[in-house]
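S.K.: Would you mind keeping the following structure in view while I ask a few things?
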Amino acid sequence: GAVVSQHPSRVICKSGTSVKIECRSLDFQATTMFWYRQFPKQSLMLMATSNEGSKATYEQGVEKDKFLINHASLTLSTLTVTSAHPEDSSFYICSAGQGVAYEQYFGPGTRLTVT
Amino acid sequence: KQEVTQIPAALSVPEGENLVLNCSFTDSAIYNLQWFRQDPGKGLTSLLLIQSSQREQTSGRLNASLDKSSGRSTLYIAASQPGDSATYLCAVGRRQFYFGTGTSLTVIP
């Protein structure tokens with residue numbers, strides 16, 4: 001099946017700094033990628049839809065100025081958590097789909113810890 | 001907005017037992033339903049994908065069914081093994097997915 005990678009897998013940063021997470025589709029092109037967030041012992045929540053060449057679409061309650069999404073190419077989407085705070089500590093996962101069936105391929109996730 | 005519920009939230013069974021995990025969703029206008037497993041602290045492993053036109057999919061000891069009209073899916077695990085212990089998530093959607101709350105499965109040796 002298709003492969004989606006994320007980098008980094010783990011990151012620890014200080015409060016107030018910004019962190020960039022990359023999501024890449026390695027063997028297929030994805031015009032759309034999705035970003036999810038998972039808090040401890042909770043399920044995944046969709047944050048935003050990343051569209052290549054256009055602005056991202058954010059879910060209700062997600063601050064677009066805090067979670068900056070850039071989808072510069074058909075194989076790369078980035079999520080930047082700006083001015084991170086401890087409450088932003090979470091597991092961030094991206095996904096991308098291909099084909100008519102829209103099967104979603106998920107990245108391995110990025111564990112963000114803000115101290 | 002789509003809401004996805006999974007029952008039970010937790011399940012503990014002895015090794016070798018067959019078991020069923022349930023998933024229900026409120027909006028039947030979906031393209032796909034996908035079952036995943038997630039090990040503690042890890043990402044998602046896709047188990048089965050059912051397209052909206054299909055009623056079931058099978059892979060090894062796993063069988064997933066979909067009844068779109070009633071908004072339900074089940075994941076059947078045959079002859080459970082300790083290695084099956086994980087959290088199982090179902091997700092439904094058209095392109096973006098909405099996830100259920102998960103079932104934490106423990107298979108006791």
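S.K.: Would you check the accessible area of B:Glu56, probe 1.4 Å, heavy atoms only, in square angstrom rounded to 10?
M.R.: Result for B:Glu56: roughly 100 Å² accessible.
S.K.: What residue among B:Pro14, B:Pro40, B:Pro82 has the largest mean-square fluctuation in a Gaussian network model of chain B, using Cα springs under 10 Å?
M.R.: Looking only at B:Pro14, B:Pro40, B:Pro82, the largest GNM fluctuation is found for B:Pro40.
S.K.: While we're on this one: Just how much of A:Lys64 is accessible, in Å², when a 1.4 Å probe is used and the result is rounded to the nearest 10?
M.R.: Looks like 130 Å² after rounding.
S.K.: Of the candidates A:Ile21, A:Ile12, A:Ile93, which one comes out as most mobile in a Gaussian network treatment of chain A with C-alpha springs shorter than 10 Å?
M.R.: It is A:Ile12.
S.K.: Let me ask something additional. Could you tell me which Cys residues in the protein assembly as shown have no other cysteine's Cβ under 4.7 Å from their own Cβ, answering none if every one has a partner?
M.R.: A:Cys13
S.K.: How large a share of the accessible area of the protein assembly as shown, in percent, is made up of carbon and sulfur atoms when the probe is 1.4 Å and the other protein chains stay in place?
M.R.: So the carbon and sulfur contribution to the accessible surface is 49 percent.
S.K.: Right, next: Set the Förster radius R0 to 35 Å, insert the Cβ-Cβ distance between A:Leu76 and B:Asp27 as r into 1/(1 + (r/R0)^6), and round the FRET efficiency to 0.05.
M.R.: So, using R0 = 35 Å, E works out to roughly 0.65.
S.K.: Given the protein assembly as shown, what count of lysine pairs have C-alpha atoms under 19 Å apart, with each pair 8 or more places apart or on different chains?
M.R.: So the count of such lysine pairs works out to 8.
S.K.: Comparing the chain by itself with all protein chains present, which residues of region B:75-109 are at least 40 Å² less accessible (probe 1.4 Å)?
M.R.: Going by heavy-atom accessible area, the residues of region B:75-109 that drop by at least 40 Å² are B:Arg95, B:Gln96, B:Phe97, B:Phe99.
S.K.: Where the centre of each part is set by its Cα atoms, how far does region B:38-85 sit from region A:18-88, in angstrom?
M.R.: Taking the Cα centre of region A:18-88 as reference, the centre of region B:38-85 is 26 Å away.
S.K.: Using the Cα centre as the reference, give the magnitude of the dipole from point charges on the C-beta atoms of chain B (Lys, Arg: +1; Asp, Glu: -1; all else neutral), rounded to the nearest 20 debye.
M.R.: Dipole magnitude for chain B comes out near 380 debye.
S.K.: Given a 1.4 Å probe, show me the residues in region B:33-50 buried by at least 30 Å² of accessible surface when comparing the whole protein assembly to the chain alone.
M.R.: Residues meeting the cut-off: B:Gln34, B:Gln38, B:Gly41, B:Gly43, B:Leu44, B:Leu49.
S.K.: Please calculate the 1.4 Å probe accessible area of A:Leu26, with all protein chains present, and give it to the nearest 10 Å².
M.R.: Around 110 Å² of this residue is reachable by solvent.
S.K.: Among B:Ser28, B:Asn18, B:Leu62, whose Cα sits farthest toward the positive end of the charge dipole of chain B (+1 at Cβ of Lys/Arg, -1 at Cβ of Asp/Glu, about the Cα centre)?
M.R.: B:Ser28
S.K.: About its Cα centre, how strong a charge dipole does chain A have in debye, to the nearest 20, once Lys and Arg get +1 and Asp and Glu get -1 at the Cβ?
M.R.: 300 debye
S.K.: While we're looking at this one, here's another question. Over chain A, with a Gaussian network built from C-alpha contacts below 10 Å, which listed residue (A:Gln104, A:Gln42, A:Gln60) shows the highest mean-square fluctuation?
M.R.: A:Gln42
S.K.: Same structure, new question: Can you pull out the buried accessible area for chains A and B, both sides counted, probe 1.4 Å, rounded to the nearest 100 Å²?
M.R.: Result for this pair: about 1600 Å² buried.
S.K.: Same structure, new question: Quick one: compute the contact order of chain A, relative version, from alpha carbon pairs under 8 angstrom and 6+ residues apart, as a percent.
M.R.: Computed value for chain A: 36 percent relative contact order.
S.K.: When ligands, DNA and RNA are left out and all protein chains stay put, how many square angstrom of accessible area per residue does region B:1-108 have with a 1.4 Å probe?
M.R.: Heavy-atom SASA per residue in region B:1-108 reads 46 Å².
S.K.: May I pose another question? Output the relative contact order of chain B, whole-number percent, from Cα pairs under 8 angstrom with separation of 6+ residues.
M.R.: 38 percent
The values are calculated or read from the model by the stated rules, or taken from the named source; none is laboratory data. Being a predicted model, the structure only gives us computed values, none of them experimental. Because the Cβ atoms are built from the backbone with ideal geometry, glycine has one as well, and the counts that use them run over all protein chains shown. What goes into the accessible areas is simple: the full protein's heavy atoms, side chains included, and nothing from ligands, DNA or RNA. Shrake-Rupley method; radii C 1.70, N 1.55, O 1.52, S 1.80 Å.
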